[in-house]
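A.B. asks: The following block contains the structure, expressed as structure tokens.
Bear in mind these aren't lab numbers, they're just calculated from the coordinates by the rules spelled out. Note that the coordinates shown come from a computational prediction; the quantities given were computed from them, not determined experimentally. Here the Cβ is made from the backbone with ideal geometry for all residues, glycine too, and neighbour counts use every protein chain on show.
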Amino acid sequence: MSAASRAESLREQIDEANYRYYVQDDPQITDAEFDALLRELIELENAHPELRTPDSPTQRVGAIASDRFAPFEHARPMLSLANAVAPEELRAFDERARKVAGGDVAYVCELKIDGLAIALDYSDGSLTRGGTRGDGRVGEDVTANLRTVKTIPLRLRAGAHAPAFVEARGEVYLRKSDFERLNAAREREGLPVFANPRNAASGGVRQLDPALTAQRRLSFFAYQLVSGDTAVRTQWDSLARLEALGFPVNPHVARAKRLAEVLEYCREWEERRDELDYEIDGVVIKVDEFALQERLGVVARDPRWAIAFKFKPREARTKLLDIAVSVGRTGTLNPNAVLEPVPIGGVTVKSATLHNSDYIKNNDIRIGDTVIVTRAGDVIPRVVGPVIGERTGKERRFKMPDRCPVCGADVDHPPGEAMSRCTNAACRAQVYERVRHFASRGAMDIEGLGDVMAAQLTELRLVADIADIYKLDGAALTHVPRMGPKSIENLLRNIERSKSRGLARLLYGLGIRFVGTQTAQVLAGDFGTIEAIAAAGEEELQRSEGIGPEVAASVVLFFKQGANRDMIARLARAGVDMTAPRRARASDGPLGGKTFVLTGTLEKLTREEATQLIVSAGGKVTGSVSKKTDYVVAGSEPGSKLAKAEQLGIAVVNEDELRRLLP
């Protein structure tokens, strides 16, 4: 291909990318790919100046403004920056600056916030208008939207003696925490999630309804004082002046007396970027003295006195070869992307998370798609979405399996829930978490069988499901590292004691979805035996107080699994107590219809024992104090629940007084 043909092809690709990004808010290539195209065109035009045209993308800084907004004309061009991707390019930039300066040059280093560049005008201290960069000469007037950004001052600080007119420029961005909140809300509403905080910020600023902009919770950092103080002579002083006027300025700006300090700043923040609650994609280096900036001037689209050092890209495009489903430790089915290997941020990525089936559906991700993949720090890479324009028609839609890919048990995916789960408590993919939970204090309370022991027992395959805990003997436990005779004796004694914990603790320990301690108490008290619960249908289960359709369906599905029934039979053969005293009906028991809340540490009873006594007498126990609470049972070191009870005038009783209420 001739140089002229290649230049024309590059211009078309860059123009299309700009249109997709700035006008349609629908980027189709990554930043790294865009930068590579632009750099190639710049190099081509430098080698062949006759190919450079006035409408070349190298001669402007952005893209045409959308016609959805009134135009915003910049009094001074809002320039873009040349990019450096290697230290050598920063050294060349420094050499040019020192040559003009005739000696060493001082710089200001600023984090390059990944957001949307804007300009703000203030007259007599009040915000009068604000706009986007656009093509550097004309942007979009989005004043009403920018007024909703709480970190943009509507009035400048009176004590700063603001001049009659001030123009400040900066970056509107979305914090990572707000980005996660926004995407979580969109997932719940069945809407496609945003690719990254920058796209969400850009789209938020360019909403037609300012109320929608406000919902994004956008933030702002100022980085340039264009006009408003003729006494300011350096970039460092202008940042201080912006702060005095009431603008938020990034706290991590730094002065550098020489290039070595600039390089160290870039290295440090490329390593530390994940510490921040906002995305940065590089460092902006500016000559500090304004007088030297004027002498260096501007060439084409770039000021010669500033440059952006870009970090290694953490976003790339690749092929989605397949979607493999793994089972997590809690039984969740997790779809994972099998990718054509692609380098991202110095790491070759072959797989990435797809969250859940709703995420795949809402973002229309299909097997065979070209997809955009992001990687942040040590977090597992994730697929953002497909590049629709590269579809061939051969792509396949994904369907979550109906049966667990590990054990073959039924998969539970209740309506409205994002996650699918394996219903088999004996599934080998989740045995560690099941064993750890079963032995925990709120369940069977097996002292000595904590996280480390649970991991050792399952890794050594001494325990394949929770029923195997009761098959352990001294000979088996000698294979566990650091288990001496005394430790073995204590653990076996505690395992034996756990057999008498009762039905409610056992039900909770089984890890049935939606069955917490209180629900387990209700079911145990109403049905009395595990056989009765297993035989009950959804309608019968829902007659118990607080048992709704979701809980009932989950219980029925759990006992429907043959592996679960077999495990419970083995627990019974081991001598585990699976019964509970039947609870008195609310109208019959001495505490019938009464609601209790427990707080603090009781002297003689555990929380579970006190709850069992109350429930058996017809009462119920809840976790929070309200006007419907009848009694608060307070032990030593009670929490805020006691203060709230006293505030509401609710009766407060101690352990002895609770016993006197019982038969």
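A.B. asks: May I ask you to list the GluC sites (Glu not before Pro) in the range 442-489 that are in a DSSP loop and have at most 14 other Cβ atoms within 10 Å of their Cβ?
C.D. replies: Values: sites: Glu447, Glu459, Glu489; in loops: Glu447.
The qualifying sites are Glu447.
A.B. asks: Assigning unit charges at the beta carbon (Lys, Arg +1; Asp, Glu -1) and nothing else, what dipole magnitude in debye, to the nearest 20, does the range 503-573 show about its Cα centre? Let's see the in-between values first.
C.D. replies: Working: 7 positive and 8 negative charges, 80 e Å.
For this selection, approximately 380 debye.
A.B. asks: Distance from the Cα centre of the range 233-288 to that of the range 593-618, in angstrom?
C.D. replies: 58
A.B. asks: Let me ask another. Can you say what percent of the DSSP beta bridges in the chain, counting only those with both residues inside, are antiparallel? Round to 5. Intermediate results must be reported in sequence, preceding the final value.
C.D. replies: Details: 74 of 87 bridges.
If I count the DSSP bridges inside the chain, around 85 percent turn out antiparallel.
A.B. asks: Angle, helix 3-18 long axis vs. longest principal axis of the chain, Cα atoms, 0 to 90°, nearest 10?
C.D. replies: 50
A.B. asks: Shifting gears a bit: Which of the trypsin sites (Lys or Arg not before Pro) across the range 491-555 are loop residues per DSSP, with 13 or fewer other Cβ within 10 Å?
C.D. replies: On the way: sites: Arg493, Arg497, Lys499, Arg501, Arg505, Arg513, Arg543; in loops: Lys499, Arg501, Arg513, Arg543.
Answer by residue number: Arg543.
A.B. asks: Rounded to the nearest Å, what's the spacing between the alpha carbon centres of the range 354-375 and the range 315-342? Just the number, please.
C.D. replies: 9
A.B. asks: Which pairs, out of Lys112/Lys350; Lys499/Lys594; Lys99/Lys257; Lys486/Lys604, put more than 21 Å between their alpha-carbon atoms?
C.D. replies: Checking Cα-Cα distances, Lys112/Lys350; Lys499/Lys594; Lys486/Lys604 exceed 21 Å.
A.B. asks: Mind checking the angle between helix 549-560 and the chain's longest principal axis? C-alpha axes, 0 to 90 degrees, to the nearest 10.
C.D. replies: Compared with the principal axis, the helix lies near 70 degrees.
A.B. asks: Spit out the partnerless Cys residues in the chain, using Cβ distances under 4.7 Å as the pairing rule.
C.D. replies: Result for the chain is Cys109, Cys266, no neighbouring Cys Cβ within the cutoff.
A.B. asks: Output ³J(HN,Hα) for the range 211-220: one whole-Hz value per residue in order, computed from phi by the Karplus curve 6.51 cos²θ - 1.76 cosθ + 1.60 with θ = phi - 60°, and x for Gly and Pro.
C.D. replies: 4, 6, 4, 4, 5, 6, 6, 6, 10, 8
A.B. asks: Can you find, among Leu296, Pro192, Pro415, the residue sitting farthest towards the positive end of the charge dipole of the chain, where Lys and Arg contribute +1 and Asp and Glu -1 at Cβ?
C.D. replies: Value: Pro415.
A.B. asks: Follow-up question, since we're still on this one. Go ahead and estimate [θ] at 222 nm for the chain from helices alone: -39,500 (n - 2.57) per DSSP H run with n ≥ 4, summed, over the residue count, rounded to 500.
C.D. replies: On the way: 24 runs with 231 residues, N = 663.
Result for the chain: -10000 deg cm²/dmol, rounded to the nearest 500.
A.B. asks: Right, next: Mind listing the phi-derived Karplus ³J(HN,Hα) values for the range 92-99, rounded to whole Hz, using 6.51, -1.76 and 1.60 with θ = phi - 60°, and x for any glycine or proline?
C.D. replies: 5, 4, 5, 4, 5, 5, 5, 5
A.B. asks: Next up: At 0.36 nm per residue, and after removing the present C-alpha to C-alpha distance, how many nm does the segment from Asp410 to Val226 gain when stretched out fully? Provide the component values of the computation, followed by the final result.
C.D. replies: Numbers: separation 184, 0.36 × 184 = 66.24 nm, distance 6.43 nm.
Additional length available on full extension: 59.8 nm.
A.B. asks: May I ask you to list the trypsin sites (Lys or Arg not before Pro) in the range 310-360 that are in a DSSP loop and have at most 16 other Cβ atoms within 10 Å of their Cβ?
C.D. replies: Values: sites: Lys310, Arg314, Arg317, Lys319, Arg329, Lys350; in loops: Arg314, Arg329.
Sparse-neighbourhood loop trypsin sites (Lys or Arg not before Pro): Arg329.
A.B. asks: ³J(HN,Hα) across the range 348-356 via Karplus (A = 6.51, B = -1.76, C = 1.60, θ = phi - 60°), whole Hz, x for Gly/Pro?
C.D. replies: With coefficients 6.51, -1.76 and 1.60, one gets 7, 9, 10, 9, 7, 6, 10, 6, 7 Hz.
A.B. asks: Also, quick follow-up: Between [x] 1.08; [y] 1.16; [z] 1.25, which entry matches Cα Rg over 2.2 N^0.38 Å as derived from the coordinates of this structure?
C.D. replies: [z]
A.B. asks: Relative contact order of the range 239-372: what whole-number percent is it, with Cα pairs under 8 angstrom and at least 6 residues apart?
C.D. replies: 17
A.B. asks: Using the alpha-carbon atoms, what tilt in degrees (0 to 90, nearest 10) does helix 485-498 show relative to the longest principal axis of the chain?
C.D. replies: Helix 485-498 sits roughly 70 degrees off the main axis of the chain.
A.B. asks: Counting only C-alpha contacts under 8 Å and six or more residues apart, can you give the relative contact order of the chain as a whole percent? Can you show the working numbers first?
C.D. replies: On the way: 1244 pairs, mean separation 58.3, N = 663.
Relative contact order, the chain: 9 percent.
A.B. asks: Let me ask something else about it. For a quick check: with amide H placed at 1.01 Å from N, whose amide H comes under 5 Å from Phe398's, ignoring anything fewer than 5 positions away on the same chain?
C.D. replies: Ile367
A.B. asks: In addition: So which lysines pass the test for Lys399, namely a Cα distance under 18 Å, with those fewer than 8 places away in the same chain ruled out?
C.D. replies: Straight-line reach from Lys399, under 18 Å: Lys361.
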